[in-house]
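Down below is the structure, laid out as structure tokens.
The values are calculated or read from the model by the stated rules, or taken from the named source; none is laboratory data. The model shown is predicted, which means the values in this text are computed figures rather than measured ones. In this analysis, Cβ positions are derived from the backbone assuming ideal geometry, glycine residues included, and neighbour counts consider all displayed protein chains.
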Amino acid sequence: MKILVVRHGQTDWNVERRVQGRTDVLLNQEGIKQAYVAKEKLKEEKIDLMVSSPLKRAKQTAEIINLERNVPIRLDKRLIEISYGKMEGKFSSEFNSRTEFGNMVEGKLYEGAEVSEDFRKRVFTFLEELKKLQVNTVLLVTHKEVCKAIDFYFMGLLEDKERKGREVANCEVLCYDF
């Protein structure tokens, strides 16, 4: 099975360098353009199933990519971005991301934030279930940290305590095989 993974298009919060997490922000005009570019990049792919995070920015991206395809789009909460709790909405200039995010990984969370181990477990569980489907190509539309978790899964990494990993641009297309 071929797995195509697309991070959602740009939002105003991406431009403003705000922490989004689960905050439900729409694509901006550039994000809409990026989704159309991704649609063109994927036009030769025969996609059997699309699965999207239910957050608006991912769902919008999936719907644009799906124009003229009419492939079923499933929404799956396990593809929602990690929750950053009280950090969501803050500008990245308001905190030290290495220290603050690093502490979160070590279990010292911002109020309301999702534990990194739980986050990876939900993404990995989703992928294990996906593996059982009888389809040739699946497109996942999701978020930056989910893309990183998927990358860790395919690299065989259970954790990344320093929060390194592939930086995934808006509407970048990643490809994996089961």
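Could you check, for region 29-36, whether at least one of its residues is out of contact with any Lys or Arg (no Cβ under 8 Å at 6 or more places or on another chain), polar (S, T, N, Q) and farther than 18 Å from Val168 by Cα? Can you show your working first?
So the first thing to find is which residues in region 29-36 are out of contact with any Lys or Arg (no Cβ under 8 Å at 6 or more places or on another chain), and the list is 29-30, 32-36.
Applying the additional criterion that residues be polar (S, T, N, Q) yields 29, 34.
Right, trim to farther than 18 Å from Val168 by Cα and you get 29.
Yes, there is a match, as at least one residue in region 29-36 is out of contact with any Lys or Arg (no Cβ under 8 Å at 6 or more places or on another chain), polar (S, T, N, Q) and farther than 18 Å from Val168 by Cα.
Yes or no: region 36-55 includes at least one residue that is assigned to a strand (DSSP E or B), hydroxyl-bearing (Ser, Thr, Tyr), modelled with pLDDT of 95 or more and within 25 Å of Tyr176 (Cβ to Cβ).
Yes, region 36-55 contains at least one residue that is assigned to a strand (DSSP E or B), hydroxyl-bearing (Ser, Thr, Tyr), modelled with pLDDT of 95 or more and within 25 Å of Tyr176 (Cβ to Cβ).
Which residue, of Gln29, Gln20, Gln34, Gln60, is in contact with an Asp or Glu (Cβ under 7 Å, 6 or more places away or on another chain) and either at negative phi or β-branched (Val, Ile, Thr) (or both)?
On the way: Gln29 fails: in contact with an Asp or Glu (Cβ under 7 Å, 6 or more places away or on another chain); Gln34 fails: in contact with an Asp or Glu (Cβ under 7 Å, 6 or more places away or on another chain); Gln60 fails: in contact with an Asp or Glu (Cβ under 7 Å, 6 or more places away or on another chain).
Only one candidate passes the filter, namely Gln20.
Residues in region 13-62 that are farther than 24 Å from Leu130 by Cβ, touching a strand residue (DSSP E or B) at 6+ places or on another chain (Cβ under 8 Å), loosely packed, with under 15 Cβ neighbours inside 10 Å and free of Cβ contacts under 8 Å to residues at least 40 places away in the same chain: how many?
Qualifying residue count for the region: 0.
Using the structure shown, decide if Ala58 is part of a helix (DSSP H, G or I) and closer than 18 Å to Tyr84 by Cβ. Break it down into steps so the answer makes sense when it comes.
Values: part of a helix (DSSP H, G or I): yes; closer than 18 Å to Tyr84 by Cβ: yes.
In short, yes.
Quick check on this structure: which one of Val146, Val138 is under 23 Å from Asn70 (Cα atoms) and touching a residue at least 40 places away in the same chain (Cβ under 8 Å)? Before the answer, list the steps.
Numbers: Val146 fails: under 23 Å from Asn70 (Cα atoms).
Answer to the check: Val138.
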